[in-house]
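Asks: The structure that follows is given in the form of structure tokens.
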Amino acid sequence: MYFNSLNWKIFKFEKVTSTMDVAKDIAEKIDHPIFVVTARVQSRGKGRKGRFWYSPEGGLWVTIVLRGVIPNTKIFMIPYLVAVATAETINHYSCGKSVSIKWPNDILIEGKKVAGILIDSRESCRSDFQDVFIGIGININNPVGNRKDLRDTAISLSEVCKKEYNISEILDFLLKKINILLIEFIRKRSKPDKLFDLWKKFDITLGRKISVDMEGKKIIGRAVDIDYNDGGLIFDIDGNVIKIYDYVSIRILEE
Ligand code: BTN
């Protein structure tokens with residue numbers, strides 16, 4: 001355990017089931033408002049919607065815990081804030097290759113997923129606030145192209161740029177980006193509009209035809225915009241406009 005330059009407590013592990021589980025265990029035992037858990041390897045990495053997240057040595061597997069820091073009224077900004085921080089971080093290390101975000105927070109290079117984000121939140125003991133567990137997985141030095149099940153949809157930074165990275169340096173950069181955005185949008189209460197504008201710089205979803213998986217049913221329509229008041233994706237199904245939230249999965253259809 002050590003403190004980084006932001007004075008955030010960092011718990012570093014060799015091998016865990018999932019940094020999400022370990023972070024929740026640690027949260028029972030200490031009362032730091034902000035701490036970070038990383039692992040070199042995860043045996044049961046968790047993806048969105050209960051999926052397995054392949055987490056061998058060479059990637060960055062991290063959970064950031066914010067307790068009593070995010071008011072309930074701001075929680076909808078967190079998936080976007082983390083997506084922007086992660087995309088900006090990857091952009092810094094992607095040797096000029098363009099980085100994009102697929103709604104809400106899959107980070108892609110050349111159409112393949114280089115990073116994923118999983119956010120769990122629950123009521124905090126501070127009323128009107130949430131405890132938030134932000135899981136971020138970035139494929140860095142771990143090869144993905146040798147995996148039949150992943151090579152068409154995922155990629156790692158070292159495969160893109162043909163070099164080895166210093167994972168701790170990328171973690172440090174990422175945490176600083178998150179901190180800057182937290183100060184701006186949570187502490188200083190800048191309007192969410194600016195955050196969504198930053199997100200839109202990377203977005204490849206809006207304006208596209210998408211398929212949405214709703215309770216096993218696939219619905220096809222167009223992603224129109226983000227509602228800046230609650231973070232919902234405005235989805236047009238033949239003139240019927242509804243809003244969807246990040247518990248659903250979407251697929252961008254070719255067009
Ligand atoms: C996704 O499905 O896109 C989300 C993937 C999130 C993976 C990260 S790796 C660190 C943290 N621990 C986990 O078990 N999952 C998240």
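The values are calculated or read from the model by the stated rules, or taken from the named source; none is laboratory data. Computed from a predicted structure; not experimentally measured. Every residue, glycine among them, receives a Cβ derived from its backbone with ideal geometry; neighbour counts consider all protein chains shown. When the accessible area is computed, the model is the full protein with side chains, heavy atoms only, and any ligands, DNA or RNA have been set aside. Shrake-Rupley method; radii C 1.70, N 1.55, O 1.52, S 1.80 Å.
Asks: Do any cysteines in the chain lack another Cys Cβ under 4.7 Å, and if so which?
Replies: Result for the chain is Cys125, no neighbouring Cys Cβ within the cutoff.
Asks: Dipole size in debye (nearest 20) for the range 6-83 around its Cα centre, Lys and Arg Cβ +1, Asp and Glu Cβ -1?
Replies: 240 debye
Asks: What order do you get for 129-142, 209-222 when each peptide is scored by the mean count of other beta carbon atoms within 10 Å, highest first?
Replies: Averaged packing, sorted descending, gives the order 129-142, 209-222.
Asks: May I ask you to give the percent of accessible area on the chain that is carbon plus sulfur, with a probe radius of 1.4 Å?
Replies: Whole-percent figure for carbon plus sulfur exposure: 49.
Asks: What is the range 71-154 by shape, rounded, prolate or oblate, if you read a ≥ b ≥ c off the alpha carbon gyration tensor as root eigenvalues and call it rounded for a/c under 1.5, prolate for a/b larger than b/c, and oblate otherwise?
Replies: Note, shape of the range 71-154 comes out prolate.
Asks: Rounded, prolate or oblate, given the Cα gyration tensor of the range 178-224, with a/c below 1.5 counting as rounded?
Replies: prolate
Asks: Just for the Cα atoms in the range 60-99, what are the lengths along the principal axes, largest first, rounded to whole Å?
Replies: 37, 20, 10
Asks: While we're on this one: Report the Stokes-Einstein translational diffusion coefficient (µm² s⁻¹, integer) for the range 105-255, Rh taken as the Kirkwood radius over Cα pairs, at 10 °C with viscosity 1.306 mPa s.
Replies: 89 µm²/s
Asks: Check each of the GluC sites (Glu not before Pro) in the range 104-175 and keep only those in coil by DSSP with at most 15 other C-beta atoms within 10 angstrom; list them in order.
Replies: Glu110, Glu164
Asks: Relative contact order for the chain using alpha-carbon pairs under 8 Å, separation at least 6, rounded to a whole percent?
Replies: 15 percent
Asks: Of the chymotrypsin sites (Phe, Trp or Tyr not before Pro) in the range 225-255, which ones lie in a loop per DSSP and count no more than 10 other C-beta atoms within 10 Å?
Replies: Here the chymotrypsin sites (Phe, Trp or Tyr not before Pro) that fit, given the DSSP loop and packing criteria, are Tyr247.
Asks: Then there is this: Would you compute, from DSSP H runs of 4+ residues alone, the mean residue ellipticity of the chain at 222 nm, taking -39500 (n - 2.57) per run and dividing by the full residue count, rounded to the nearest 500?
Replies: That comes out to -7000 deg cm²/dmol.
Asks: Classify the range 4-94 as rounded, prolate or oblate from the Cα gyration tensor: take a ≥ b ≥ c as the square roots of its eigenvalues, call it rounded if a/c is under 1.5, otherwise prolate when a/b beats b/c and oblate if not.
Replies: Rounded, since a/c falls under 1.5.
Asks: Same structure, new question: Work from the charge dipole of the chain (Cβ charges, +1 for Lys and Arg, -1 for Asp and Glu, about the Cα centre) and give the residue of Leu195, Ile70, Thr86 farthest towards its positive end.
Replies: Thr86
Asks: While we're here: Once you list every other residue whose beta carbon is under 15 Å from the beta carbon of Asn141, what net charge do they have if Lys and Arg are +1 and Asp and Glu are -1?
Replies: 0
Asks: Averaged per residue, what accessible area in Å² does the chain show with a 1.4 Å probe, protein chains only?
Replies: 49 Å²
Asks: Follow-up. Over 25 Å apart: what share of the alpha carbon pairs of the chain falls there, rounded to a whole percent?
Replies: I get 43 percent for the Cα pairs in the chain exceeding 25 Å.
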